[in-house]
Amino acid sequence: MATLATIADIARHDGQTVTLHGWIYNSTPRGKLLFLQLRDGTGLMQCVLRKNKMDAEAFEAVRRAGQESSVVITGLVKADERSKIGFELVASDAQVVQDAADYPITPKDHGVAFLHDHRHLWVRSQRQFAILRIRHLCVKAIRDYFDSRGFVLFDSPMFTPNAVEGTTTLFETEYFGQKAYLTQSGQLYQESGALAFGRTYCFGPTFRAEKSSTRRHLTEFWMVEPELAWVDLEDIMDLAEDFLVEVVGYVVEHGREYLEILERDISVLEKVQKPFPRMSYDEACAKLAELGVEVEPEDDFGSPHETELTQQFDRPIMVHRYPTAVKAFYMKEDPTNPARCLGVDVLAPEGYGEVIGGGQREDSLDVLVSKIEHHGLPMEAFGWYLDLRRWGSCPHGGFGLGLERLVTWVCGIHHIRETIPFPRTIDRLTP
Ligand code: 4AD
Ligand code: MG
């Protein structure tokens, strides 16, 4: 019996006869020869079948099998310098497990809606394979970063009575006679975690009823949220910078083959090094004015502002001290200017814009109570959160990184919806 192998580690089997389990990605007959592109979930590899070198019936069965038929192929692993992976398989035996016909996603071009309707199959395509592998690497790098620095995983709930990020994007649901929301951010619960463990993080889905469809917004996306006790805004900026450098570096090191499939310019990612330029909101506004881009006074930045600003730099930038009025209720006011708050956004280069939002939290009970009132939020729902200021309040803060925003940027792709296996947007709930 031949050894069972995978394409990803085929180099270990140079000169050996192995068996591969996979699916026909593409098939090109040339008389008594058949060139198969076999995909096995770990990679893509050319298999050469010769009619006179194997059972003729088996050869015919594979030759007739359609795209995405599942097959088992046994053959000799042979070095081949024309191959991207350096090897091809010279088949000696083959079996069709399921003979598929009329696979809907062919090598020709398909419309975006068609592809999304077939997302459950589309994820088998090379480009999607590469993007979702990069996503996996990002998740691993993120977890490793926090796990190796003393952060404790502290999961925030998905059902919550609390609006964290404003009331306009809440998904409301009935919860046994009570009103509940799908969480917009795990932050408030991380603040409880930070006061219990010093530093914690959560990493899970978050939900926002984004009513418009843009290339940066999903209604369900994954966010990683570290939170730390005894830190200020500067510490948060240092952490966000160090974290991004490490995560991007890890993906460049371990995901090169996937970035190459996406034709990503890796030199751009290699420039993600410290220090990131830091500027206050007011400085950023002055810069935008120089560039001829208008900002409504005291208004938040929209994506045109972020795009323009980030195009001035070759690495991420950090914009801090936004107008208090446009930011969430929990942000601490700048003691030197209460019209500004101690929040920071990290904006990715090449026009990708905000990937991280965070900052220092309001730690005074009285100020927080007045903020909750001012924002028109229901005080009852925040009783537990206010307890954190009653018992052992201290300077603290953290940030949230949107995983899909990160993956979109790292992959250098246009639209966020390709970065999650099954995207949820205003107009898509299936598959
Ligand atoms: O800036 P946001 O709203 O910040 C928070 O939720 C804080 N409570 C996080 C914290 O301090 N713990 O969201 C954080 C990040 C954004 O920078 C962006 O990357 C991502 O979440 N994000 C989205 N990603 C995809 N689709 C959406 N609709 C997103 N909204 C935010
Ligand atoms: Mg934000």
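The values are calculated or read from the model by the stated rules, or taken from the named source; none is laboratory data. Nothing here was measured: the structure is a model prediction, and the numbers come from that model. Positions of Cβ are backbone-derived with ideal geometry, glycine not excepted, and every protein chain shown enters the neighbour counts. Heads up: the accessible areas ignore ligands, DNA and RNA and are worked out on the full protein's heavy atoms, side chains in. Shrake-Rupley method; radii C 1.70, N 1.55, O 1.52, S 1.80 Å.
Here the helices (runs of 4 or more DSSP H) wholly within segment 325-431 that include at least 3 residues being within 30 Å of Asp314 (Cβ to Cβ) are 403-411. Quickly run through segment 97-131 and pick out the residues that are crowded, with 17+ Cβ neighbours inside 10 Å and among the aliphatic types (A, V, I, L, M). Of everything in segment 97-131, those that are crowded, with 17+ Cβ neighbours inside 10 Å and among the aliphatic types (A, V, I, L, M) turn out to be Leu115, Ala130, Ile131.
When Arg199 is tested against (1) open to solvent by less than 70 Å² (accessible area, probe 1.4 Å); (2) more than 16 Å from ligand 2 (Cβ to nearest atom); (3) of a type in the set (D, E, K, R), only condition (1) is not met. If you go through segment 164-185, how many residues are closer than 18 Å to Val224 by Cα and either in a strand (DSSP E or B) or touching a residue at least 60 places away in the same chain (Cβ under 8 Å) (or both)? Final tally of qualifying residues: 4. Applying the selection to segment 13-27, what residues are open to solvent by less than 50 Å² (accessible area, probe 1.4 Å) and under 14 Å from Pro107 (Cβ atoms)? Matches in segment 13-27: Ile24, Ser27.
Looking at Glu234, Glu246, Glu191, Glu227, just one residue is in a helix (DSSP H, G or I) and either over 28 Å from Pro277 (Cα atoms) or open to solvent by less than 60 Å² (accessible area, probe 1.4 Å) (or both), and that residue is Glu191. Among the residues of segment 50-81, the one identified as within 20 Å of Ala8 (Cβ to Cβ), acidic (Asp, Glu) and open to solvent by 30 Å² or more (accessible area, probe 1.4 Å) is Glu81.
Anything in segment 278-324 that is in a helix (DSSP H, G or I), more than 24 Å from the chain's Cα centre (by Cα) and not polar (S, T, N, Q)? List them, or say none.
Tyr281, Asp282, Glu283, Ala284, Cys285, Ala286, Lys287, Leu288, Ala289, Glu290
Given the structure, is Leu406 under 18 Å from Gly193 (Cβ atoms), within 16 Å of ligand 2 (Cβ to nearest atom) and in contact (Cβ under 8 Å) with a residue 60 or more places away in the chain? Please lay out each step first, then the result.
Values: under 18 Å from Gly193 (Cβ atoms): no; within 16 Å of ligand 2 (Cβ to nearest atom): yes; in contact (Cβ under 8 Å) with a residue 60 or more places away in the chain: yes.
No: the conditions fail for Leu406.
Only one of these is within 13 Å of ligand 1 (Cβ to nearest atom), on the phi < 0 side of the Ramachandran plot and open to solvent by 40 Å² or more (accessible area, probe 1.4 Å): Glu354, Glu373, Glu333, Glu380. Name it. Steps first, please.
Working: Glu373 fails: within 13 Å of ligand 1 (Cβ to nearest atom); Glu333 fails: within 13 Å of ligand 1 (Cβ to nearest atom); Glu380 fails: within 13 Å of ligand 1 (Cβ to nearest atom).
Glu354 is the lone residue from the list that is within 13 Å of ligand 1 (Cβ to nearest atom), on the phi < 0 side of the Ramachandran plot and open to solvent by 40 Å² or more (accessible area, probe 1.4 Å).
Candidates Leu377, Leu388, Leu403: the one that is closer than 19 Å to Leu342 by Cβ and in the same structural domain as Cys138 (by TED's automatic domain parsing) is Leu388.
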